[in-house]
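These notes are about the structure you will find just below.
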Amino acid sequence: KLLEKANLLTSGIGLPLPVVPGDFNAIRLGTQEITRWGMYPESMGIVADFFCRVLVQRENPEKLKSAVKEFRKQFQKLHFIRA
């Protein structure tokens with residue numbers, strides 16, 4: 001929920017671990033989407049930094065939202081699609 005407030009969209013996924021009431025105990029990134037939008041391995045360090053700032057450093061996700069939008073502007077063309 002914090003990630004979504006920063007415009008970082010993920011999917012929840014259950015793991016064979018104890019249940020987290022009202023939530024998932026893991027998140028999944030859509031690597032197909034990352035590739036389809038033209039991001040490269042170098043881009044993932046920036047994405048990881050956004051995640052770290054929200055989840056580890058507890059930075060206000062609303063304050064990160066504009067930085068995430070600005071980063072995403074670089075990736076406007078779809079790749080690997082059939083015409």
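The values are calculated or read from the model by the stated rules, or taken from the named source; none is laboratory data. As the structure is a computational prediction, the values presented were derived from the model and not from experiment. Counting neighbours? That spans all protein chains shown, and the Cβs are built from the backbone with ideal geometry, glycine included.
Among the residues of region 47-83 satisfying the criterion of being among the small types (Gly, Ala, Ser) and farther than 16 Å from residue 37 by Cα, which is nearest to the chain's Cα centre (by Cα)?
Among residues in region 47-83 that are among the small types (Gly, Ala, Ser) and farther than 16 Å from residue 37 by Cα, the one nearest to the chain's Cα centre (by Cα) is 48.
Among the residues of region 8-17, is there at least one that is loosely packed, with under 14 Cβ neighbours inside 10 Å and under 10 Å from the mean Cα position of the chain (by Cα)?
Scanning region 8-17, I find at least one residue that is loosely packed, with under 14 Cβ neighbours inside 10 Å and under 10 Å from the mean Cα position of the chain (by Cα), so the answer is yes.
Please enumerate the residues belonging to region 24-51 that are surrounded by fewer than 10 Cβ atoms within 10 Å (Cβ to Cβ) and either within 16 Å of residue 4 (Cα to Cα) or of a type in the set (D, E, K, R) (or both).
Residue satisfying the conditions is 42 alone.
Determine whether residue 35 is β-branched (Val, Ile, Thr) and touching a Leu at 6+ places or on another chain (Cβ under 7 Å).
The answer is no for residue 35.
Taking the condition exposed (fewer than 10 other Cβ atoms within 10 Å of the Cβ) and at positive phi, does residue 82 pass?
No, not satisfied.
Return the only residue of 24, 51, 71 being on the phi < 0 side of the Ramachandran plot, at pLDDT 90 or above and either among the small types (Gly, Ala, Ser) or touching a Leu at 6+ places or on another chain (Cβ under 9 Å) (or both).
Going through 24, 51, 71 in turn, just one is on the phi < 0 side of the Ramachandran plot, at pLDDT 90 or above and either among the small types (Gly, Ala, Ser) or touching a Leu at 6+ places or on another chain (Cβ under 9 Å) (or both): 51.
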